[in-house]
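What follows is a set of notes on a single structure, which appears directly below.
The values are calculated or read from the model by the stated rules, or taken from the named source; none is laboratory data. All values derive from a computational prediction rather than experimental measurement. Cβ: placed from backbone, ideal geometry, glycine included. Neighbour counts: every protein chain shown.
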Amino acid sequence: MRRLVVMRHAKAEPVAATDHARRLVERGRRDAEEAGAWAREHGVLPDHAFVSDAARARETWLAFTEGAGLEIEAQLEAGLYPAGPDSTLALLRTAPEAAATVMVVGHNPTMAHLVHLLDDGTADAEAFAEIIAGFPTSAVAVLEVETTWAELEVAGARISAFHVGRS
């Protein structure tokens, strides 16, 4: 069994020189760190991560790893910034086969759409209800994957947990 952790970046400043350059606000840093602590507590720490190269996603990853006590380098992906769910799914298929838990940190609406796209219809009822209510900043969805990463398909995972990092 493999796990996929899908996270929306944390709360960012509303404006910057470019949208790509928007950085986290202090609340965002704290929330992402709390999400990392939650992941550690629930045993869903990634051994590989794809992270958008946008400033707010990179900073989310750094705060998440701090809270999780994790020391792995993320694979920064420029393509995650403009990506839709289909191209994000294609990226996930390139994850190392040895990776037991893969994480992706990106942007909405793509992260929320990806979770819905991958859901096989047997999701944990409570987690699914929370996801339907919204996928706010610092949201983390955990999905169980029974195939290899290369074989991951639409409706190929089960939502098992959902958490919104709030400090």
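Okay, here's what the table says:
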| item | result |
| --- | --- |
| Qualifying residue in segment 67-79 (condition: without any contact (Cβ under 8 Å) to a residue 24 or more places away in the chain, among the acidic types (Asp, Glu) and assigned to a helix (DSSP H, G or I)) | no |
| One residue from Ala129, Ala155, Ala123 being modelled with pLDDT under 95, surrounded by fewer than 15 Cβ atoms within 10 Å (Cβ to Cβ) and farther than 22 Å from Ser52 by Cβ | Ala129 |
| Count - residues of segment 107-121 that are touching a residue at least 40 places away in the same chain (Cβ under 8 Å) and part of a loop (DSSP other than H, G, I, E, B) | 2 |
| Test: residue in segment 122-136 that is in contact (Cβ under 8 Å) with a residue 40 or more places away in the chain and closer than 25 Å to Ala37 by Cα | yes |
| Any hit, segment 41-59, residues being part of a helix (DSSP H, G or I), touching a Leu at 6+ places or on another chain (Cβ under 8 Å) and in contact (Cβ under 8 Å) with a residue 60 or more places away in the chain | no |
| Qualifying position, being among the aliphatic types (A, V, I, L, M), within 13 Å of the chain's Cα centre (by Cα), buried (at least 22 other Cβ atoms within 10 Å of the Cβ) and under 23 Å from Pro109 (Cβ atoms), among Ala39, Ala54 | Ala39 |
| Residue match in segment 160-167 (condition: assigned to a loop (DSSP other than H, G, I, E, B), among the charged types (D, E, K, R), surrounded by 13 or more Cβ atoms within 10 Å (Cβ to Cβ) and touching a helix residue (DSSP H, G or I) at 6+ places or on another chain (Cβ under 6 Å)) | yes |
| Scope segment 132-152; condition exposed (fewer than 12 other Cβ atoms within 10 Å of the Cβ), modelled with pLDDT of 95 or more and outside any loop (DSSP other than H, G, I, E, B); matching residues | Ala150, Glu151 |
